[in-house]
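A.B. asks: Before I ask anything, let me first share the structure, which is written out below as structure tokens.
Just so it is clear, none of the values below were taken in a lab; they were calculated from the coordinates. Just so we're clear, the structure is a prediction, and the values are computed from it rather than from any experiment. No Cβ is skipped: glycine too gets one built from the backbone with ideal geometry, and neighbour counts run over all protein chains shown.
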Amino acid sequence: MRDINKYVRGAIAALTPYSTARDEYEGELGVFLDANESPYDNGYNRYPDPHQKALKAQIAAIKGLPAENIFIGNGSDEAIDLVFRVFCEPREDNVVAIAPSYGMYKVAAAINDVEIREVPLGEDFSLPADALLAVVDENTKALFLCSPNNPTANSFPREELMRLVEQVDCMVVVDEAYIDFAEAESLVGEIASHPNLIVLQTMSKAWGMAGLRVGLALADSRVVALMSQVKYPYNINVATMQIVSDLLAKGVSDEVAQIKQQRSVVAKALAELPFVERVYPSDANFLLVRVADADALYDHLIKDGIIVRNRTRVKGCEGCLRITIGLAQENVKLIESLKRYEKSNIR
Ligand SMILES: *Cc1c(COP(=O)(O)O)cnc(C)c1O
């Protein structure tokens with residue numbers, strides 16, 4: 001099996017991580033005079049578990065993965081940033097990504113002073129596997145893929161993703177933020193046999209916890225250990241862990257089913273409108289739609305109090321709006337507003 005240690009920055013491989021008071025004593029009961037906390041119990045006076053053991057056990061059961069393969073971040077955004085901090089030497093290494101895709105890969109690259117090589121998607125937003133392989137070089141430390149992809153809404157074939165994981169000599173991040181809305185199965189089953197694979201998932205979309213900021217990196221235990229050493233010790237707070245735990249126990253399968261059903265209702269209604277040129281197939285909780293005049297339609301919807309994402313200035317998405325699937329009554333409002341736009345344009 002491949003050795004991922006050679007992808008790790010020297011400073012990180014040599015790091016002596018911060019040791020918290022709770023690292024040095026593990027017991028549950030006792031008189032805690034070790035962390036300079038306030039002794040007055042208000043529910044939050046104690047530091048959170050830096051290893052998030054209880055939450056990891058719960059997520060492990062849901063994902064069918066050992067806890068040692070789970071990193072919990074302050075949003076997936078923290079995990080994305082940590083990929084740079086763990087693997088990429090600033091001004092020396094590079095990462096490769098598809099474009100258009102999620103904007104944070106580029107921002108995290110810029111903040112970490114790491115070159116990002118963006119490879120445009122192929123025809124109909126297909127995965128440009130050969131072009132990606134062609135730009136990966138000996139300084140490439142990570143390849144960022146997103147499936148289902150934001151903003152194009154499509155998933156890439158599992159065989160093509162895994163071919164890249166196997167063929168490149170670097171880490172491969174597959175961002176599965178929208179996997180719960182897809183027909184395709186997650187790649188998490190592949191991490192046991194592919195130590196260079198990092199699968200990102202998030203509580204922000206299907207799980208309905210965007211406000212709590214919890215994202216997951218699912219990977220080889222060595223990768224999880226490295227990311228855990230570099231993160232802020234208390235990156236997930238006590239309140240968040242409690243609320244996430246309660247919401248995880250409730251589940252969201254009904255909501256996900258509703259959103260998928262509404263996605264086909266909205267897609268069908270959109271396709272019937274004359275100014276809609278293309279409704280791209282979606283494996284996510286949004287639709288990418290190409291229209292005759294994206295800016296004009298965007299402004300019309302704003303006037304009706306409906307905010308969508310105008311992607312017309314994103315290369316490869318010219319003329320496109322990205323529309324999140326809402327509640328049934330919100331989607332009705334959207335369609336009604338689009339029909340009014342159609343009428344006002346005919347006159
Ligand atoms: C929304 C989204 C995320 C979620 O990020 P969080 O920081 O977990 O909220 C991650 N990746 C993609 C592609 C997304 O669209």
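A.B. asks: Share of antiparallel DSSP beta bridges in the chain, in percent to the nearest 5? Write down the numbers at each step before the final one.
C.D. replies: Details: 19 of 38 bridges.
Of those bridges, close to 50 percent are antiparallel.
A.B. asks: Sort 217-223, 297-303 by the packing proxy (mean of other Cβ within 10 Å over each peptide's residues), most packed first.
C.D. replies: Working: 217-223: 22.4, 297-303: 16.1.
In decreasing order of mean packing, 217-223, 297-303 become 217-223, 297-303.
A.B. asks: Kindly flag which residue pairs out of Lys56/Lys231; Lys268/Lys343; Lys56/Lys205; Lys106/Lys339; Lys53/Lys260; Lys205/Lys339 have an alpha-carbon separation exceeding 26 Å in this structure.
C.D. replies: Details: Lys56/Lys231 16 Å; Lys268/Lys343 19 Å; Lys56/Lys205 19 Å; Lys106/Lys339 37 Å; Lys53/Lys260 33 Å; Lys205/Lys339 28 Å.
Flagged as over cut-off: Lys106/Lys339; Lys53/Lys260; Lys205/Lys339.
A.B. asks: For the chain, what does -39500 (n - 2.57) per DSSP helix run (n ≥ 4), summed and divided by total residues, give at 222 nm, in deg cm²/dmol to the nearest 500? Show your work: numbers first, answer last.
C.D. replies: Values: 12 runs with 127 residues, N = 347.
Helices in the chain give a 222 nm mean residue ellipticity of -11000 deg cm²/dmol.
A.B. asks: Sticking with this one: Starting from the Kirkwood radius over alpha-carbon pairs of segment 253-344, derive D by Stokes-Einstein at 10 °C in a medium of 1.306 mPa s and give it in µm² s⁻¹.
C.D. replies: Working: Rh = 13.2 Å.
Roughly 120 µm²/s, to the nearest whole number.
A.B. asks: At most 16 other Cβ atoms within 10 Å and a DSSP loop assignment: could you name the GluC sites (Glu not before Pro) in segment 117-167 that fit?
C.D. replies: On the way: sites: Glu118, Glu123, Glu138, Glu159, Glu160, Glu166; in loops: Glu138.
Sites meeting the loop and neighbour criteria: Glu138.
A.B. asks: Something else now. Mind checking Rg over Rh on segment 4-250, alpha carbons, Kirkwood formula for Rh? Don't skip to the end; give the middle numbers.
C.D. replies: Numbers: Rg = 18.6 Å, Rh = 18.9 Å.
Answer for segment 4-250: 0.99.
A.B. asks: Which semi-axis lengths, in whole Å and largest first, follow from the square roots of five times the eigenvalues of the Cα gyration tensor of segment 148-245? Intermediate results must be reported in sequence, preceding the final value.
C.D. replies: Numbers: eigenvalues 120, 73, 19 Å².
Its equivalent ellipsoid spans semi-axes of 24, 19, 10 Å.
A.B. asks: Of all the Cα-Cα pairs you can form in segment 61-156, what percent are over 15 Å apart? Spell out each step's value before the answer.
C.D. replies: Details: 2871 of 4560 pairs.
Within segment 61-156, distances greater than 15 Å cover 63 percent of Cα pairs.
A.B. asks: Tell me, how many Å apart are the Cα centres for segment 313-347 and for segment 85-115?
C.D. replies: Rounded to whole Å, the Cα centres lie 33 Å apart.
A.B. asks: For segment 50-62, take each phi angle, set θ = phi - 60°, evaluate the Karplus expression 6.51 cos²θ - 1.76 cosθ + 1.60, and give the result in whole Hz per residue in order, putting x for glycine and proline.
C.D. replies: x, 9, 6, 4, 5, 5, 5, 5, 5, 5, 4, 5, 5
A.B. asks: I would also like to ask the following. With everything on Cα atoms, drop me the angle between helix 76-87 and the longest principal axis of the chain, reported from 0 to 90° to the nearest 10.
C.D. replies: Relative to the chain, helix 76-87 is tipped by roughly 60 degrees.
A.B. asks: Grab the Cα-Cα distance for Ser126 and Ala271, subtract it from 0.36 nm times how many residues apart they are, and report the gain in nm with one decimal. Write down the numbers at each step before the final one.
C.D. replies: Numbers: separation 145, 0.36 × 145 = 52.20 nm, distance 2.17 nm.
Gain on extension, Ser126 to Ala271, equals 50.0 nm.
A.B. asks: Segment 117-137 to segment 10-45: how many Å between their Cα centroids?
C.D. replies: Centre-to-centre distance over Cα atoms comes out at 45 Å.
A.B. asks: Calculated FRET efficiency, Val107 and Val230, Cβ-Cβ r, R0 22 Å, to nearest 0.05? Before the final figure, lay out the partial values.
C.D. replies: Values: r = 18 Å, r/R0 = 0.83.
It comes to 0.75.
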